[in-house]
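As structure tokens, the structure follows; a few thoughts come after it.
The values are calculated or read from the model by the stated rules, or taken from the named source; none is laboratory data. Quick caveat, the model's predicted, so the values are computed rather than measured. Virtual Cβ from ideal backbone geometry, glycine too; neighbours counted across all protein chains shown. We work out accessible area using only protein heavy atoms, side chains counted, and drop any ligands, DNA or RNA first. Shrake-Rupley method; radii C 1.70, N 1.55, O 1.52, S 1.80 Å.
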Amino acid sequence: IVACLLPHCKQHEKETDAYLFTTVDIINIIGSQAVSKNLGQSRVFAQLNLNAGKKSTNFRTALDYFEAGISFLQGDYWNDQYELTLSLFEAAATANYSGGRHDQVAIQTNKIFSMARSFEDKFKSYCLYINVLAIGNTEKAMEQLYHLLKSLGEDIKPNTINAPMAMVDFSSLKQMLGGARKDVLLQLPPMTDRNKLMAMKLMAMLVLYYNQQMTHLSGYFSCKMIRMSIQHGHCEDTVFALSVFACATMNFLGDTNEAASLAKCALSMSRLYNSEQLIPRIYSLIYGGVLCFTQPMATSLPPMLKACRI
């Protein structure tokens, strides 16, 4: 049966989902022991489980597929099937995080930390681990973020950054981007430096944690991210940084008009990315923190509702 179904799993995407799930469900009923002496077949079945898990819309079902995929890995799989193995462990850790199984996240990320070949290959797992850590101890999570940033060449000492310094930085960047000058952000090329992309991601996490504490460091790091984007190009986290800076311009500098202009610039940049995950991150800041004060509330409610639904 599996042999008959497998060819259909390689056809056009829209036509294969039903075949894929049916095939993988049958494979998993058979189990890994049935192909324990066939390395090639085991690899195919592990890959199909990974594909099915990625297509699943339910994280519990996805986790079952990822864990089944791991069970099909044989031999020295971290060396012989490195990319597949890394993808399965990353996907399982992410699904476990979504399901609140933080002990399993720790087990799987620690495995990745010990076996992955590079900092970049460990990066997604670092972010997951820090998110879990932040649930119980935000300060410890932020310490880990600073440690990782140092590994990427960003040696930042937060204790040396006081509120007056942050205000000077806010004012300087606001002047740099004043009026039509912010249009330069929309003309930037995409960021391609992998280290800078990872640093932007880590700083975005810091911004989120500091934003919850309502401290000047949230705005300070958003400024740093925007300046990095001006130098190295934009990415999704640039949009988030612009949204935070728009709020900082409103709350710390009291410039409602410029805050609204920055918020609209962030919205324009967000359209460069076909990413739904951006919407909840930025709409609450743009519409709930800025535009609701500069335009009728009724115009802000639909996008905020959209963000909630996502």
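Results, tabulated for the structure shown:
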item	result
Number of the exception - G233 against (1) open to solvent by less than 40 Å² (accessible area, probe 1.4 Å); (2) touching a helix residue (DSSP H, G or I) at 6+ places or on another chain (Cβ under 7 Å)	(2)
The range 26-57 - residue that is among the charged types (D, E, K, R) and at pLDDT 90 or above and, of those, farthest from D80 (Cα to Cα)	K55
Condition check for M167: open to solvent by less than 60 Å² (accessible area, probe 1.4 Å) and in contact (Cβ under 8 Å) with a residue 60 or more places away in the chain	no
Residue under evaluation E120, criteria (1) closer than 17 Å to D237 by Cα; (2) open to solvent by 40 Å² or more (accessible area, probe 1.4 Å); (3) acidic (D, E), criterion not met	(1)
Residue selected from the range 177-200 under the condition open to solvent by 70 Å² or more (accessible area, probe 1.4 Å) and modelled with pLDDT of 95 or more, by the criterion nearest to H147 (Cα to Cα)	N195
Boolean, L217 is outside any helix (DSSP H, G or I) and open to solvent by less than 40 Å² (accessible area, probe 1.4 Å)	no
Search result, residues across the range 97-136 that are touching a residue at least 24 places away in the same chain (Cβ under 8 Å), charged (D, E, K, R) and in a helix (DSSP H, G or I)	E120, D121, K124
Residues of the range 257-299 that turn out to be within 12 Å of A246 (Cα to Cα) and among the basic types (K, R), as a count	1
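Condition check ((1) in a loop (DSSP other than H, G, I, E, B); (2) within 22 Å of L301 (Cβ to Cβ); (3) touching a residue at least 12 places away in the same chain (Cβ under 8 Å)) across all residues:
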{"site": "V207", "(1), (2), (3)": "no, no, yes"}
{"site": "R227", "(1), (2), (3)": "no, no, yes"}
{"site": "F240", "(1), (2), (3)": "no, yes, yes"}
{"site": "F245", "(1), (2), (3)": "no, no, yes"}
{"site": "L262", "(1), (2), (3)": "no, yes, yes"}
{"site": "S275", "(1), (2), (3)": "yes, no, yes"}
{"site": "I279", "(1), (2), (3)": "no, yes, yes"}
{"site": "S284", "(1), (2), (3)": "no, yes, yes"}
